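> Here you go, one structure.
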């Protein structure tokens with residue numbers, strides 16, 4: 001993959017970091033007002049590109065288990081650039097699944113190789129260490145596509 005095919009990691013990271021402290025609100029995506037993990041990524045996308053490529057539609061907090069579909073991973077594959085496990089770096093989007101063979105249910109944006117930004121229920125948007133507990137649950141790694149002029 002060529003670097004010009006992806007958005008500059010510094011821009012992605014700056015936008016993601018600007019969401020720190022936003023309260024947790026299920027299905028929301030408004031900086032400083034409220035968001036969930038998907039809402040954070042949606043908000044960063046809107047900050048970079050101006051509008052979302054698609055709306056996720058309503059979803060429950062247990063939507064991944066209830067539907068059995070891997071909707072989060074499928075949407076990431078439609079709109080982001082898939083990366084390999086060795087491509088963890090600032091500004092990359094990381095999807096997590098709680099159990100093997102279950103759908104991806106959580107998403108964050110890497111701050112660096114050892115920490116990530118995400119919205120966590122009861123805590124809001126924060127930076128967490130990418131400890132082994134999180135690393136072994138990685139379901140996909142993606143980059144934001146290149147910005148168009």
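The values are calculated or read from the model by the stated rules, or taken from the named source; none is laboratory data. Here the structure is a predicted model, which is why all the values come from computation and not from measurement. Cβ sites come from the backbone with ideal geometry, for glycine too, and all protein chains shown count toward neighbours.
> Which of the residues that make up segment 15-45 are without any contact (Cβ under 8 Å) to a residue 60 or more places away in the chain, within 14 Å of the chain's Cα centre (by Cα) and within 22 Å of residue 112 (Cα to Cα)?
15, 42, 43 - these are the residues of segment 15-45 that are without any contact (Cβ under 8 Å) to a residue 60 or more places away in the chain, within 14 Å of the chain's Cα centre (by Cα) and within 22 Å of residue 112 (Cα to Cα).
> Right, here's the next one. If I ask for residues that are assigned to a strand (DSSP E or B) and farther than 15 Å from residue 29 by Cα, which ones from segment 110-125 would you list?
Of all residues in segment 110-125, those assigned to a strand (DSSP E or B) come to 110-112, 115-120, 124-125.
Matches in segment 110-125: 110, 111, 112, 115, 116.
> Within 21 Å of residue 144 (Cα to Cα) and touching a strand residue (DSSP E or B) at 6+ places or on another chain (Cβ under 8 Å): is that true of residue 76 in this structure?
On the way: within 21 Å of residue 144 (Cα to Cα): yes; touching a strand residue (DSSP E or B) at 6+ places or on another chain (Cβ under 8 Å): yes.
Judged against the criteria, residue 76 is a match.
For every residue, the table says whether it meets (1) touching a residue at least 60 places away in the same chain (Cβ under 8 Å); (2) surrounded by 15 or more Cβ atoms within 10 Å (Cβ to Cβ); (3) more than 15 Å from the chain's Cα centre (by Cα); (4) within 18 Å of residue 7 (Cα to Cα).
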| site | (1), (2), (3), (4) |
| --- | --- |
| 82 | yes, no, no, yes |
| 101 | no, no, yes, no |
| 105 | no, yes, no, no |
| 109 | yes, yes, no, yes |
| 115 | no, yes, no, no |
| 132 | no, no, yes, no |
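> For segment 71-78, check the following and say yes or no: at least one residue is in a loop (DSSP other than H, G, I, E, B) and at pLDDT 90 or above.
At the first step, the residues of segment 71-78 found to be in a loop (DSSP other than H, G, I, E, B) are none.
No, segment 71-78 contains no residue that is in a loop (DSSP other than H, G, I, E, B) and at pLDDT 90 or above.
> For segment 32-65, what are the residues that are surrounded by 12 or more Cβ atoms within 10 Å (Cβ to Cβ), assigned to a loop (DSSP other than H, G, I, E, B) and modelled with pLDDT under 95?
52, 53, 56, 59, 61
> Which members of segment 17-26 meet the condition of being over 10 Å from residue 125 (Cβ atoms) and buried (at least 16 other Cβ atoms within 10 Å of the Cβ)? Full working, then the answer.
Applying the first criterion (over 10 Å from residue 125 (Cβ atoms)) to segment 17-26 yields 25-26.
25 - this is the single residue of segment 17-26 that is over 10 Å from residue 125 (Cβ atoms) and buried (at least 16 other Cβ atoms within 10 Å of the Cβ).
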